[in-house]
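Bear in mind that the values in this text are calculations on the coordinates, not laboratory data. Owing to the predicted nature of the structure, the values given are computational and were not obtained by experimental measurement. Virtual Cβ from ideal backbone geometry, glycine too; neighbours counted across all protein chains shown.
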Amino acid sequence: MSLFSRLRRVLIPVCVLAVLAGCSLTGAAGDSGPAAADDRPALDTLTPLEHPRDYQGPSTAVSVATPVEPVAEDPSPALPATVTDAQGTEVTVTDTSRILALDLYGSTSRIVYELGLGDSVVGRDTSSDFPEIVDKPLVTSNGHELTGEAILELAPTLIITDTTLGPWDVILQMRDAGIPVVVVDSHRSLENVATLITQVAAAVGLPEAGAELTSRTQQGIDEVTGQIARLAPTDESEKLRVVFLYLRGSAGVYYMFGTGSGADSLITSLGGVDVATEIGWQGMRPITDEGLVAAQPDLVLVMTKGLESVGGVDGLLEQLPAVAQTPAGEHRRIVDMADTQLLGFGPTTAQTLDALARALYAPDAA
């Protein structure tokens, strides 16, 4: 079972029992919206902070709005397509005219659109909120809870999903109803962006388009990480020590993400030191005061809704006093980013890295 799946097993009951809308992982309209591409200078033209570890004050990472640019116009899927999905189930897809692509961060739906099959998508999950899909009907409720009735009403001919949404019985019901369901890898990190794209492309019978999208996405990631290398300190003593915290204050849910969580690869790609990995923190685990103080982060990375749920920076320091005992707390160095963007790791990963690099190394730049 994936780390995300284990985390959701903890979070979903908490949300349901407490009936707390704020416990949703959704990146709803309240999240920091994307910036227009022409609103700010290119990343490689910015002057970085001379000493980023000494910077004081919070920042919000805002990603550039990136319209869907299909790698193929009106593609012709090679069907039937038979794939062995991430759970080892052999699935044969014969019809891609009505697709549902569903996961925690909206990654799979964006991939389907970028492959050129956006017109075949008939519905969406809460996290799929890019402009091209936002008018499609929702099949999730109470945050990220799949609704069987809503799915069946859309009569999908293919469902692409992972194990980050529940209840899983709904997916089993769809299979029992004769709908092909392809389960893709639920792990999200910079290391498996290509894997996710390849799996989705195989499911819709467009492996060549998938290879092209993978190449384009990786090229964008490589370009941005090259620019980040110029901004980030090379001296180990100057590198930002970063920790990712998952916060849902209303429900009393506080997690620190470490090795294998996806946050580790993100922080490393930003030229930072993942302090949770440094202290041997594995996966996603409830925060302990000892662990957080031992990590001594210079900067805390959080989701926007999570920070809102604890009452902002002041509330974070009050609800997690251990944060105040770190350089990040002393400097109020908290960086937040929209929930659906921060750990999505899909075709817009380069834009996520770009936005975070600005917040980490040039927070005062226009």
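Here are a few things to note about the model shown:
- The convex hull defined by the C-alpha atoms of the range 222-366 has an orientation-averaged projected area of 8.3 nm².
- Here the Karplus curve 6.51 cos²θ - 1.76 cosθ + 1.60, taken at θ = phi - 60°, turns the phi angles of the range 124-135 into couplings of 8, 8, 4, 6, 7, 10, 6, x, 5, 10, 4, 8 Hz, with x standing for Gly and Pro.
- Between helix 349-361 and the chain: long-axis angle, C-alpha atoms, 0 to 90°, nearest 10: 10
- Per-residue packing, averaged as other Cβ atoms within 10 Å, sorts the ranges 221-234, 249-262 into the order 249-262, 221-234, beginning with the highest.
- Cα centroid separation, the range 148-212 to the range 266-298 (Å): 32
- Rounded to 5, percent antiparallel among DSSP beta bridges of the chain: 35
- Charge dipole (the chain, unit charges on Cβ, about Cα centre) - positive-most of LEU245, GLY88, VAL273: LEU245
- Calculated P(r) of the range 81-215 - Cα pairs past 24 Å, %: 18
- For the chain, calculated [θ]222 nm from helices alone, where every DSSP H run of n ≥ 4 adds -39500 (n - 2.57): -10000 deg cm²/dmol
- Dipole magnitude (debye, nearest 20) for the range 81-215, charges at Cβ of Lys, Arg, Asp, Glu: 20
- Shape class of the range 69-144 from the Cα gyration tensor (axes a ≥ b ≥ c, square roots of the eigenvalues): oblate, since a/c reaches 1.5 or more and a/b does not exceed b/c.
- Placing +1 on each Lys and Arg Cβ and -1 on each Asp and Glu Cβ, with no other charges, gives the chain a dipole about its Cα centre of roughly 680 debye.
- Three semi-axes of the equivalent ellipsoid, the chain, Cα gyration tensor, whole Å, largest first: 34, 24, 17
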